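Taking it in order: structure first as structure tokens, then the write-up.
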Amino acid sequence: MTVGSSPNSAPFPVPPMRWDAWGDPELAAPLSEGTSTLIRGMLGVTGETTLPTIDPATVIVPPSRLSGEDLAALRAIVGDDWVSTAAVDRLLRASGKSTPDLLRRRRPHQDAPDAVVIPASDDQVGQLLTWCTDHRVAVVPFGGGTSVVGGVDPVADGFGATVSVDLRRMDALLDLDEVSQVATLGAGVTGPDAERLLGERGYSLGHFPQSFRYATIGGFAVTRSSGQASAGYGRFDDMVQAITLVTPRGILQAGRSPKNAVGPDLRQLIMGSEGVFGVVTRVAVRVHRRPTATEYEGWRFDSFDAAAQAFRAVAQEGVMPTVMRVSDELETALNLARPTEIGESGDKAVPGGCLAITTFEGSPTAVAARAGVVRETFAAAGGQSLGPGPAQMWEHGRFSGPYLRDALLDIGVGCETLETATTWARLAEVKTAVTTALAAVLPEPTVVMCHLSHTYATGASLYFTVVYRQEGDALEQWLAAKHHVTTTLTEVGASITHHHAVGRDHRPWMSAEIGDLGVAVLSAVKAVLDPAGVCNPGKLI
Ligand SMILES: Cc1cc2nc3c(=O)[nH]c(=O)nc-3n(C[C@H](O)[C@H](O)[C@H](O)COP(=O)(O)OP(=O)(O)OC[C@H]3O[C@@H](n4cnc5c(N)ncnc54)[C@H](O)[C@@H]3O)c2cc1C
């Protein structure tokens, strides 16, 4: 079955998103001639990419393995209009958006779920899970499809077919408790819709991952996402008050008060479950009054080590900005904190040093007090204030970085990100280990840049961007590098992921991270909730 028309004219379109690249086609821009020449020269790229993009009309998607009777049964559950086997709909939900995903999208034969099914209620999700259990069909929950770890790949794993269960009809603000500042949102609400729905009532969620425009409340919860404002508002798993999971065995409802002592916290079991225990249909989250004041300040530090010490001092003092982020020397030199200026000659205000940015949101009094404490700590640690400009510019361009990756792939340059977390005591060692591991397996010169943007009292996440010359089979080249660097992370005792989650890609290292007993515990929970194993096979455990 060929796609035959643009995936963007699908019967069930996703928010404007290229099927074979990141984001809104309207916002994608090719690299300027100057930038392209600079990067190719820097990395020694001479030829064209080994994998050019392909015409969607020539893409071949296997026919659906579901029979007419199967589809009639699915339609009886969710309604006639909410089941599709159109190749375009299936293709739009066939993978996430990692670099390996985008490289696979440059091939004519594509794997895809056998149908897209869009339920509207807990009851419909429950009926779907029962039908899929009885008919040996795998279920892949789908939020925004922004997974970068193979989380939405249509893995059949011994089942007769796969269905993509898209949560987009669960898109409402179901409740807002203004006294407690807790909002209950449907799992399919996207980042912008959450801000719009809450904004109309004077509130904000404050969760802004770089995938904000597409990713959903359910996706944030089950991947334990961390947004750019994690310093001020916390990770998504810090915000969750209650969560509803529909499983093949029934509904698991967890959380009825901010904290309790009722045995292990089942909310934590559902968060991070990545669809393997069932489908999250709604989440109650802490929200904030919309800020009435915002302050921005950029800083220069002599080195990444000096900046990391300043960040540690701030986190351990406990008075945090809303956003706190620092680029290492290389990322600063290449302007990656301000993607709209990439390829220009680096930040002249921070020659040889590192650019840090802070923003503060809240009431004018709270903002002034927090900014004062942070300013004092940064200055004492050798930071030099650059005024509001750099932080405002970062905020302006903060969602545009991922578009660059597709432009780089088009000129034969590989680009991918990876992340980890460790303690402050091991931060420098882990940063060096990752950089060395990538340089050892990718062609010389490979550029490995790093930033800190999720900071805690006891440690931080390190986020790396890798840019390298593609050689041979571009997909195999990156998979080999990723394998080597993930193994290195386990060897140096750092986490295999801080917020990208496990999915299919990190699954082989789960025993190294949580031990065989840890994997057995999660498998036992799955056996209880999903005895037939239909929920997202091949992911997490
Ligand atoms: C360019 C880019 C930037 C990114 N930036 C960030 C970032 O800053 N911070 C961050 O944390 N992550 C980031 N990510 C990763 C990704 O956006 C997150 O993992 C996000 O939380 C996934 O949400 P989603 O709705 O798109 O989920 P999907 O990609 O649709 O699904 C992710 C996983 O969750 C499962 N799932 C989805 N919804 C449900 C549900 N309702 N019930 C049960 N299972 C479900 C899926 O089966 C899959 O296993 C980025 C990704 C990209 C491509």
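Figures for the structure shown
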quantity	calculated
Sequence of 123, 20, 193 when ordered by accessible area, the most exposed leading, probe 1.4 angstrom	123, 193, 20
Set 431/526; 97/539; 259/539; 259/526 screened for pairs whose C-alpha atoms are more than 27 Å apart	431/526; 259/539
Area accessible to solvent at residue 465, 1.4 Å probe radius, in Å²	10
nm² value of the averaged projected area, convex hull over the Cα atoms of the range 401-505	6.7
Heavy-atom accessible area ranking, 1.4 Å probe, most first, across 468, 403, 296	296, 403, 468
Inter-centroid distance (Cα atoms) of the range 360-409 relative to the range 199-267, Å	25
Cα-only radius of gyration and Dmax that characterise the chain, units Å	22.9, 71
All Cα pairs of the range 173-241, percent lying beyond 21 Å	13
The range 293-397, Cα convex hull volume normalised per residue, Å³	76
Heavy-atom accessible area per residue - the chain, 1.4 Å, Å²	39
Net charge contributed by nearby residues that have their C-beta within less than 14 Å of residue 375 (K/R +1, D/E -1)	-2
Expected 222 nm ellipticity per residue - DSSP helices of 4 or more, -39500 (n - 2.57), all of the chain, to 500	-10000 deg cm²/dmol
Protection proxy ranking, peptides 22-32, 200-210, 80-90, average beta carbon neighbours within 10 Å, highest first	80-90, 200-210, 22-32
Portion, in percent, of the accessible area of the chain that falls on carbon or sulfur, probe 1.4 Å	54
Paired Rg and Dmax values of the range 119-183, which use every Cα atom, in angstrom	15.3, 49
Cβ-placed point charges (K, R +1; D, E -1), dipole of the chain about Cα centre in debye, nearest 20	680
Sequence-separation-based contact order of the range 401-505, relative, with Cα cut under 8 Å and 6+ spacing, percent	36
Packing-based ranking, highest mean first, of 33-42, 470-479 given that Cβ atoms within 10 Å are counted	470-479, 33-42
Longest to shortest principal axis, alpha-carbon extents of the range 396-435, angstrom	39, 27, 11
Percent of Cα-Cα distances greater than 20 Å, calculated over the range 212-314	52
Counted charge near residue 150, where neighbours are those whose Cβ lies closer than 14 Å (Asp, Glu -1; Lys, Arg +1)	+1
³J(HN,Hα), Karplus 6.51/-1.76/1.60, whole Hz, each residue of the range 177-185, x for Gly, Pro	8, 6, 5, 8, 6, 10, 10, 9, 10
Surface/4 estimate of mean projected area, convex hull on alpha-carbon atoms of the range 32-166, nm²	10.3
Directionally averaged projected area (convex hull, Cα atoms, the range 12-86), nm²	8.0
Between the range 69-132 and the range 173-193, the Cα center-to-center distance that results, in Å	26
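The values are calculated or read from the model by the stated rules, or taken from the named source; none is laboratory data. Nothing here was measured: the structure is a model prediction, and the numbers come from that model. We place every Cβ from the backbone using ideal geometry, glycine too, and count neighbours over all the protein chains shown. Surface areas here come from the heavy atoms of the whole protein model, side chains and all, with no ligands, DNA or RNA. Shrake-Rupley method; radii C 1.70, N 1.55, O 1.52, S 1.80 Å.
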